[in-house]
Every structure is written in structure tokens, then in C-alpha cells.
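First comes the structure, then the notes that go with it.
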Amino acid sequence: MTTRSNEPDTELSAPDRRRRLAALGIAAICVLAVIIGGYAIYRAATSGDGPKSDTEQVEDQARGYLDDMSDGDLRGATDRMCQALGPVVSGQGPELPAGGEGTRKGEVVVDDVTITGDTATVAGALRYGSASVDMPMTLRRESDGWCITDVQ
């Protein structure tokens, strides 16, 4: 006489095992997708790499111009000018104080940015120790960003 236990049969057939394994695999992939998606959303929300404001774009362009001038990179400074002004800017630029040992790197100062429509004015300067060269400039918004139209 055989006795039967009240416990269910725990041994699965081969097709049942494959179905259970497939279900576990799909569940693992879904959990992984949710984790990766959540992390991507978190990074996008906290990165701060969104589009820059007009003021930030104008400041970047003005600082870049002043850095180029400070480094003696007239080509780089010219590239920041509006295309309508032409590829070459006449004149030598402002008179910059001579630095020691062949260097003339100055401190870039952007004090004030005022934007009115598609025009911006910047109160910029280069400081070399106690000497300062004011370089106020005007910028214009074009289809590809802000460019410099005038430096005084």
C-alpha cells in the first residue's frame, strides 16, 4: 500500500521549467530597464546642461573675445565677430600693456550685460595688475548665436 503525502509535487516538466525561466528572465530585464531609465531621468534632471540663457551666451562670447585679446590671438577674436563684418578686422586692436617675460595675459572682467531684443551691450575690460583697458562691446543675435559687432 502506498501512502500519499499532502505536499504538492515540486518537480516540473521540461516545458514548465522553460516557461518559468523565461518569465524570470523577462522580469529581470524589466527591472533592469526601470533602473536604467530612472537613472537616466535623474542624470538629465540634475546635470544642468540645459540650454544657456541669452545672458550666459553673451557673457561667454565676451569673455572669449577678451581672453583671445589677452592671449594675443587676434584670429580667435576675429572669429567671434559677426560674419557681415568680413573675415579680417582692420587695425591692431586696443593698446594692451606689455607683460613681463613676453607674456601679457590679463584678467578678464565682464561687469555688466544689457540685452535689448537682438542687441546686447557688455562692459568688459582687461586688467593687468594696476592697469586696466576698458573694452565695451556690442553684440547681435544671429541664427547661430551671438556675435560681436563693435568693440570700443
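For the structure I just gave you, tell me whether Thr78 is assigned to a strand (DSSP E or B), under 18 Å from Asp150 (Cβ atoms) and modelled with pLDDT of 85 or more.
It is false that Thr78 is assigned to a strand (DSSP E or B), under 18 Å from Asp150 (Cβ atoms) and modelled with pLDDT of 85 or more.
Kindly indicate whether Leu24 is more than 30 Å from Arg127 (Cβ to Cβ) and modelled with pLDDT of 85 or more.
Against the criterion (more than 30 Å from Arg127 (Cβ to Cβ) and modelled with pLDDT of 85 or more), Leu24 qualifies.
Which residues, counting only those in segment 6-21, are polar (S, T, N, Q) and modelled with pLDDT of 85 or more?
Once the filter is applied, which keeps residues that are polar (S, T, N, Q) and modelled with pLDDT of 85 or more, segment 6-21 yields only Ser13.
Tally time: how many residues in segment 34-63 are small (Gly, Ala, Ser), over 18 Å from Glu142 (Cα atoms) and either at pLDDT 90 or above or not in a helix (DSSP H, G or I) (or both)?
3
In segment 39-79, what residues are loosely packed, with under 15 Cβ neighbours inside 10 Å and in contact (Cβ under 8 Å) with a residue 40 or more places away in the chain?
Thr55
Are any residues in segment 107-152 surrounded by 13 or more Cβ atoms within 10 Å (Cβ to Cβ), touching a Lys or Arg at 6+ places or on another chain (Cβ under 8 Å) and more than 20 Å from Met81 (Cβ to Cβ), and if so, which ones?
Val109, Tyr128
The values are calculated or read from the model by the stated rules, or taken from the named source; none is laboratory data. Keep in mind that this is a model prediction, so the values were computed, not measured. Every residue, glycine among them, receives a Cβ derived from its backbone with ideal geometry; neighbour counts consider all protein chains shown.
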